[in-house]
Amino acid sequence: MLIIGSGNIVHNLGVIAWNKINESEFGFEWAVEANEIIKKSILSGDHKYLINYKSLEKSIQLAIPTPEHFLPLLYVLALQQKDESINFFNDKAVMGSLTMTSLKII
């Protein structure tokens, strides 16, 4: 079975660095920090931490100004079984305020 949740870990269109559009990778410090914090929480299985994203660090508040691109991640993580692991791919920041980090549960 294949289940896909489409979204982004860091998705703040309001502060995109349009001058970095031609760079293959560029992330604001807060965007990179938020991406790493969220990935660490995913790997540790701390899904409750992620569910409470609205009350987390400032970097995460900037990374998730609105929930529609983050909620698919929570739905997919809810399907993870105890014996399944996470692999990240396409893990890079672009245009300052977007990460295209993706994951698969195996």
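Checking each residue in segment 77-102 for being under 21 Å from L62 (Cα atoms), within 11 Å of the chain's Cα centre (by Cα) and assigned to a strand (DSSP E or B) picks out A93, L98, T99, S102.
Within segment 36-43, not a single residue is modelled with pLDDT of 95 or more and over 24 Å from I4 (Cα atoms). With respect to the conditions (1) part of a helix (DSSP H, G or I); (2) within 22 Å of I106 (Cβ to Cβ); (3) hydrophobic (A, V, I, L, M, F, W, C), I60 lacks only one, and its number is (2).
Figure legend. Inter-residue proximity from segment 18-34: first residues closer than 12 Å to L98 by Cα, second residues charged (D, E, K, R) and part of a helix (DSSP H, G or I), beta-carbon distance below 6 Å, spacing 6+ or different chains. Indicated pairs: F26/K20. For the residues S55, S59, S44, the requirement of being hydroxyl-bearing (S, T, Y), surrounded by 11 or more Cβ atoms within 10 Å (Cβ to Cβ), without any contact (Cβ under 8 Å) to a residue 60 or more places away in the chain and out of contact with any Leu (no Cβ under 9 Å at 6 or more places or on another chain) singles out S59. Under the condition of being of a type in the set (S, T, N, Q) and under 11 Å from the mean Cα position of the chain (by Cα), the residues counted in segment 13-41 number 2.
Within segment 1-31, being part of a helix (DSSP H, G or I) and either under 27 Å from L79 (Cβ atoms) or among the hydroxyl-bearing types (S, T, Y) (or both) holds for one residue alone: A31.
The residue pairs whose first member lies in segment 66-80 and is without any contact (Cβ under 8 Å) to a residue 60 or more places away in the chain, whose second member is surrounded by 13 or more Cβ atoms within 10 Å (Cβ to Cβ) and basic (K, R), and whose beta carbons are closer than 7 Å, counting only pairs six or more residues apart or on different chains, do not exist in this structure.
The values are calculated or read from the model by the stated rules, or taken from the named source; none is laboratory data. This is a predicted model, so every value here is computed, not measured. Note that we place each Cβ from the backbone using ideal geometry, even for glycine, and neighbour counts take in every protein chain shown.
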